Amino acid sequence: MGIAASELCQHVIRPTLVYLGRHSPTAEALLLGAAASQSALGSALDDSQGHGLYRISALRHQQLWDLHLARDPDLASLVRGLASQHAFLSAPHLELMVNLRYATAIAWFLVESEHASLPAADDLHGLARIWRKVFHPHGRLSDFLQAWQQCVPPPHQAA
């Protein structure tokens, strides 16, 4: 069993997006839907497809740092501030599994790195298209919609 959607939003996604200066209802809904689709809100945090709530592969994690975050020292410092002091240096990909706020920041910057136009927060089909583009290129939109329906109670549908 994963994390309750309301608690994931309240204690992880929303505060992380606020910390990054990137909060919006759409960003919150997209990350909640991605976590639901990728790991059933944390029911499985590590497999061959990737690590953590958002199932981010080690390669994509490294590429994000090399091609996006490292080019903006202020942004890199902000994200690095979420990571564990010493563990990040010895096992950076482990942070994606054990540090929910760090994983959420990385997931958000994967979205930003794709330069995707965000839909309205309640446009689940639009959110599903972004999810597929960023997190699961071979996924079906129905996978996102089904995960949302199973993991996110109705009061959160407008995030």
Checklist entry - What about residue 70, is it surrounded by fewer than 14 Cβ atoms within 10 Å (Cβ to Cβ), within 14 Å of residue 30 (Cβ to Cβ) and either acidic (Asp, Glu) or out of contact with any strand residue (DSSP E or B) (no Cβ under 8 Å at 6 or more places or on another chain) (or both)? => result no
Checklist entry - Do we find a residue being touching a strand residue (DSSP E or B) at 6+ places or on another chain (Cβ under 8 Å) and assigned to a helix (DSSP H, G or I) anywhere in region 79-90? => result no
Checklist outcome for this item: For residue 95, the lone unmet condition from (1) surrounded by 19 or more Cβ atoms within 10 Å (Cβ to Cβ); (2) charged (D, E, K, R); (3) assigned to a loop (DSSP other than H, G, I, E, B) is (3)
Next on the checklist: Let me spell it out: the conditions are (1) surrounded by fewer than 15 Cβ atoms within 10 Å (Cβ to Cβ); (2) touching a helix residue (DSSP H, G or I) at 6+ places or on another chain (Cβ under 7 Å); (3) closer than 24 Å to residue 9 by Cβ; (4) modelled with pLDDT under 95, and residue 125 meets all of them except one. Which number is the exception?
Outcome noted: (4)
Next on the checklist: Can you find a residue that is without any contact (Cβ under 8 Å) to a residue 12 or more places away in the chain and surrounded by fewer than 19 Cβ atoms within 10 Å (Cβ to Cβ) anywhere in region 24-43?
Outcome noted: no
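The values are calculated or read from the model by the stated rules, or taken from the named source; none is laboratory data. In this text, all values refer to a predicted model and were calculated from it rather than measured experimentally. All Cβ positions, glycine included, derive from the backbone under ideal geometry; neighbour counts span all protein chains shown.
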